[in-house]
Amino acid sequence: MQDIGHKTLAPEGIPLREYLLARFIYFHGYRPHLSALVTFNEMILHRLLFDRRPLLTMFADKIAVREYVRQKLRSTRHLTKIYRIFDKPDDLYAFEFPPRFVLKANHGSGWNYIHAQATHVNVTRLARLSRRWLESNYAYKGGEWAYLDVQPKLFCEEYLGTDQGCPIDYKFFCFAGKVRFIQADFDRHTAHTRNMYDCDWNLLDVQYHYPRKPDAAGRPGNLSEMKSIAEQLSDGMDFVRVDLYDLGDRIVFGELSNYPEAGGARFYPAEWDWTFGCYWHLATSQ
């Protein structure tokens, strides 16, 4: 298959294929089999190198994806409240921030500032931070093509947490529109732990990138509804991870992930990489 990756996406002008192959070997300890894909992480690598569907760019755009969610679910009730969208950092100075909020950039991952307490907002600091985000293209960080052409913007949205911290992140691994596995992330901003479950919330004996949490909370109350939402949002996709929050009285959409951990996360034991991979059948349009 022809490599149609953008060579400039790799650091320091290294050809994208060489960079991603070296990165894969560094994280996983073996050379991937691109002509005979088997593992989940090999599938992600294949997507990084070859999959150029415009839909992936829309999924990566944290603002544009909201319209996709609205159309798929025929509702806006599962979307966070956005207080304002900004084109440039200087626009922050004229905005009256709510007591609690999250400031994000739409064109990357991890570019967010959480203001969880009703305290003074240092707008100068936020403008400086936002400028770094807007001057960066996340695609260059790890060769994640889907971010390349996302138009950079800032947005301020509602804070979903409580005084006890942020809610649990539920991440649904959906293959061909069907939930197969569920990832639960705990205390992401303090002592990050992660458990993996099957689609019926049976704890799996596997560690995926982060340590497991032995005393994790039980089955979420709205699990069935979350699974239904995840399957609606993933309908028609060979694979996408659907991230949701269960707030008790409402389920809130987080994001759609094209490349979980950018394909750099190990499973322990490694057999689970094969188990996840067996559900992923590549889209014919690739």
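Find the percent of Cα-Cα distances in the stretch 1-132 that exceed 20 Å, and round it to a whole number. Could you put the intermediate results ahead of the total?
Working: 5399 of 8646 pairs.
Distances greater than 20 Å cover 62 percent of the Cα pairs.
Mind giving me the nanometre distance, one decimal, between the label points for Arg125 and Ala94, set 7 Å out from Cα along Cα→Cβ?
2.5
Once both labels are modelled 7 Å past Cα along the beta-carbon direction, what's the Trp274-Tyr68 spacing in nm?
Calculated label separation equals 3.2 nm.
Considering only DSSP beta bridges where both residues belong to the chain, give the percentage that are antiparallel (nearest 5).
If we restrict to bridges inside the chain, about 100 percent are antiparallel.
Compute a Gaussian network model of the chain, connecting alpha carbons closer than 10 Å, and tell me which residue from Gly165, Gly177, Gly108 fluctuates the most.
Checking each option, the largest mean-square fluctuation is seen for Gly165.
Which value at 222 nm does the chain reach when only helices count, each DSSP H run of 4 or more adding -39,500 (n - 2.57), with the total divided by all residues and rounded to the nearest 500 deg cm²/dmol?
Rounded to the nearest 500, the figure is -7500 deg cm²/dmol.
Among Tyr279, Leu56, Tyr208, which residue has its Cα furthest toward the positive end of the charge dipole of the chain, with +1 on Lys/Arg Cβ and -1 on Asp/Glu Cβ?
Projecting each Cα onto the dipole axis, the largest value belongs to Leu56.
Starting from the 7 Å offset along Cα-to-Cβ, what nm value, one decimal, do you get for the label separation of Ile85 and Gln117?
Here the answer is 3.3 nm between the modelled labels.
How large is the translational diffusion coefficient of the chain in µm² per second when you combine the Kirkwood radius over alpha carbon pairs with Stokes-Einstein at 25 °C and 0.890 mPa s?
This corresponds to a translational diffusion coefficient of 123 µm²/s.
In debye, nearest 20: dipole of the stretch 16-90 around its Cα centre with unit charges on the Cβ of K, R (+) and D, E (-)?
That gives the stretch 16-90 a dipole magnitude of about 420 debye.
To the nearest 20 debye, what is the magnitude of the charge dipole of the chain about its Cα centre, counting +1 on the Cβ of each Lys and Arg and -1 on the Cβ of each Asp and Glu? Show your work: numbers first, answer last.
Numbers: 36 positive and 35 negative charges, 84 e Å.
For this selection, approximately 400 debye.
For each of Leu37, Leu45, Leu203, count neighbouring Cβ atoms within 10 Å of the residue's Cβ, then give the residues from fewest to most.
Going from sparsest to densest Cβ surroundings: Leu203, Leu37, Leu45.
What whole-number volume per residue, in cubic angstrom, does the convex hull of the C-alpha atoms of the stretch 178-286 give?
117
Highest GNM mean-square fluctuation, the chain, Cα pairs closer than 10 Å: which of Leu56, Leu103, Leu21?
Maximum fluctuation in the GNM of the chain, among the listed residues, is at Leu21.
Every number here is computed from the coordinates shown, using simple stated rules; none is lab data. Because the structure is predicted, anything quoted here is derived from the model rather than measured. Ideal geometry is used to build each Cβ from the backbone, glycine not excepted, and the neighbour counts take in all protein chains shown.
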